[in-house]
Amino acid sequence: MANPPGRVLSFPKRPSPISSPNFQTQTALDDADLRAALLSELLEDLLQKEQERPDSLRVQMACIAAQDLLNELTVLYRRAVCETAGRDSD
C-alpha cells in the first residue's frame with residue numbers, strides 16, 4: 001500500500017477579517033490574513049458561478065486547487081512567522 005503524499009495540516013480557522021466592521025490592520029500577519037481571506041472569497045464566488053455551467057469542470061478544478069494552495073500558503077506563512085518570533089525571543 002502506497003503512502004499518500006505529505007500534506008500540511010491547517011491551523012484552526014481564524015475569524016474572517018472581512019466580516020469585521022473595520023478593515024484596518026495592525027501587523028503584516030493581519031495584512032496577509034486579510035488578503036488571503038479576500039482571495040479565498042473571490043475563488044469561492046468564481047466556483048459558485050462556474051457550478052451553474054455544465055462545461056466548467058476545468059475551471060472548478062482550478063478553483064479547488066487554488067483554494068488548497070492558498071490554504072497551504074497561509075499555514076506555511078503563519079508557521080514561518082511563529083518560527084521567526086521564536087528565534088527573535090531567544
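Starting from the 7 Å offset along Cα-to-Cβ, what nm value, one decimal, do you get for the label separation of GLU72 and ASP31?
In this crude spin-label approximation the distance works out to 2.6 nm.
Quick one: length gained pulling ILE64 to GLN51 fully straight, 0.36 nm per residue minus the C-alpha distance? Don't skip to the end; give the middle numbers.
Values: separation 13, 0.36 × 13 = 4.68 nm, distance 1.19 nm.
Going from the current span to full extension adds 3.5 nm.
Pick out, in residue order, every one of the GluC sites (Glu not before Pro) in the stretch 41-78 that is DSSP loop and has at most 14 other C-beta atoms within 10 Å; say none if there are none. Intermediate values should be presented prior to the final figure.
Details: sites: GLU41, GLU44, GLU50, GLU52, GLU72; in loops: GLU52.
Answer in residue order: GLU52.
None of the figures in this text is laboratory data; all of them are computed from the coordinates on show. Values in this document were obtained by computation on a predicted structure and should not be read as measured data. When we count neighbours, we look across all protein chains shown, and the Cβ atoms used for this are built from the backbone with ideal geometry, even at glycine.
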